[in-house]
Amino acid sequence: MLRLCDAATPVPRRGFLRQATHLAAATALPRWAWSQTRLRHDPFGLGVASGDPTPDGVVLWTRLLPEDPLQALSPQTVHWELADDPGFRRIVRRGQASAEPHWGHSVHVELTGLAPDRWYHYRFWHGDAVSTPGRTRTAPADDAMPAAVRIAFASCQRWEHGHYAAWRHVAADHPDLVLFLGDYLYEYASPKDSSGLARTHPLRHASTLADFRDRYALYKSDPQLQAAHASCPWAVVWDDHEVQNDYAGALGRGDPTHFLALRSAAWQAFYENMPLRASSLEASGFHSLQLYRRLRWGRLAHLHLLDSRQYRSRQACRPSDSSSAPAVRPQDCGALSEAQRSLLGPAQEHWLGAGLAADARPGATVWTVLAQQTLFSPRRYPSGVVSSDSWDGYPAARSRLLQAIAGHAPRNTVLLGGDIHQNYVCQVRAAGAPPDTASPGAVIASEFCGTSLTSRSGSTQAQVDAIVRQNPHVLLARCEQRGYGLADLTPQRWTTHLRVLDDPLQEDSSARTLARFVVEEGRPGPVLDGAESQNR
Ligand code: FE
Ligand code: CA
């Protein structure tokens, strides 16, 4: 997250630090859990998850918490079962997997041969311990036209900045799929001044594999996050904080060799803790992780999940040892507009172009979804600067993608993003279209950049309002709410509900819909459909 406005974040409430000692004991972190006296050790204290559904399968995930140091050093056998019913009377599949110490005792079960468009129930066993049950589903057959799909999208869940009430609301909304678009965790130690925070943690700034494993264990100890993982399959991509703020490909802070070792450790921990397929792994280790991929929901939606962190060019005009990417003034930063600079890298750009072309074939898909990390549309600040870490920092790459989208019309393209910790709803305009006219053909797609689940924005609404006045393609921009997006897709219409919390510092916060936008099939661009305030 690039802080373009350094105004102090308002602190809504003071004295909110909950009992840190209570939290530390409840987080079930392996290294100190061994020294705790426990009534009963729960090897499934990090919950269960599933992900990346296809018409005939899905990935089941868990990660065992070893009971003692001896267990921690040896492989552990985990049994799993998949059933048609929540009572596990009609078992569809059973099997076992080995939770290996060198994989952090994680388990990734890749199911195949299941029926399309079906919900299933799953659970894991270890010894006499059984996990909480999870619910998951397969995607519809590739040639099916489902009547609807509901997709939740979320990003940026810094532990200290809020409780995870939003995840309880996501589960209650019963999505078919959750897209997590980056910043699943933050690498920082908790701030020394804990005033105004929802909670703190005792972990140091993460830089080793053990650090990142502990950080995932901390985040995954949260019951509301666990409930959302257990409620439906997820498809996850990452952004920067899973490794280091504002890193770019192989370039991070400090000594390059040390940074690459840190990145490999962080990527390994990411794989261990996410419901990803083994095919995302490179045989030679964690020098790369294949995260960009496609999911299909029959002929209703094709989802292109993008990785804008691993292959990107270094941010333009960024000083060699700066800890973050600066905001830049385009006329003072010639490198910004260099044609060869890329956010996705040449191979992923090519892959995406081919995917967009395939989606444009008649009958291929109604909706083309680009699930990526950050704000795609331009955001010109009144001061004349732009972010160098988002697509504004890669204008030539953005133009190439706009041309790929426009070149294959007609298509209903919707971009989803996160990272900026603000809700932005934008008309995506063709490359070269004048920014302030409504000429036909100027709008070629829709963008919903979702606010953070918990992480603060660092802006004030007055600053955001001033930006909107400079950017007429921005239909809504709000920085003060935390939450998630909910998208209802049908063959005729896309509806996005911007779901926001009343108080992210409260574990049991209610949620409401800030605004609702629709995109009609065949008519690019979001249209405000109403603002409501349904508390619950
Ligand atoms: Fe973030
Ligand atoms: Ca980020």
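The values are calculated or read from the model by the stated rules, or taken from the named source; none is laboratory data. This one's a predicted model, so the numbers in the text were calculated from it and none came from an experiment. Here the Cβ positions follow ideal geometry from the backbone for every residue, glycine too, while neighbour counts run over all protein chains shown. The protein model used for the area step is the full one, side chains on, heavy atoms only, and it has no ligands, DNA or RNA in it. Shrake-Rupley method; radii C 1.70, N 1.55, O 1.52, S 1.80 Å.
Figure the gain on full extension for V527 and D85 (residue separation times 0.36 nm, minus the Cα-Cα span) and round it to one decimal in nm.
155.1 nm
Please compute one quarter of the surface area of the Cα convex hull for region 129-169 and express it in square nanometres.
Approximately 5.6 nm², given one-decimal rounding.
Per residue, what accessible area does the chain have, given a 1.4 Å probe and all protein chains present, in Å²?
37 Å²
Sort the following peptides by mean Cβ neighbour count (other Cβ atoms within 10 Å, averaged over residues), highest first: 473-479, 364-370.
364-370, 473-479
Gap in Å between the Cα centre of region 255-290 and the Cα centre of region 421-459?
32 Å
Count the DSSP beta bridges whose two residues both fall in the chain, then state the antiparallel fraction as a percent rounded to the nearest 5.
75 percent
Beta carbons within 10 angstrom, averaged per residue: use that to sort the peptides 510-517, 150-157, highest first.
Highest to lowest by the protection proxy: 150-157, 510-517.
Using 0.36 nm per residue of separation minus the Cα-Cα distance, give me the extension gain between S98 and A431 in nm, one decimal.
Here the answer is 114.8 nm.
With labels modelled as points extended 7 Å from the Cα through the Cβ direction, what inter-label distance (nm, one decimal) is found for L260 paired with S323?
Each label point is offset 7 Å from its Cα along the Cβ direction, giving 2.6 nm.
Between Q492 and R361, what FRET efficiency comes out of the Förster formula 1/(1 + (r/R0)^6) with R0 = 22 Å and r the beta carbon distance, rounded to 0.05?
0.65
Ranked highest first by average number of other Cβ atoms within 10 Å, how do 332-344, 82-94 line up?
332-344, 82-94
For the chain, give the percent of accessible area contributed by carbon and sulfur heavy atoms, probe 1.4 Å, rounded to a whole number.
53 percent
Could you calculate the FRET efficiency of Q461 with S337 from 1/(1 + (r/R0)^6), where r is the beta carbon distance between them and R0 is 35 Å, rounded to 0.05?
0.65
Please tell me the relative contact order of the chain in percent, rounded to the nearest whole number, where contacts are Cα pairs under 8 Å and at least six residues apart.
Relative contact order for the chain comes out at 16 percent.
Out of region 58-114, which GluC sites (Glu not before Pro) are coil in DSSP terms and have no more than 11 other C-beta atoms within 10 Å?
none
So what is the relative contact order of region 298-421, in percent, for Cα pairs below 8 Å that sit 6 or more residues apart?
36 percent
Compute from the Cα atoms of the chain the Rg and the Dmax, the latter being the longest Cα-Cα distance, and quote both in angstrom.
22.3, 69
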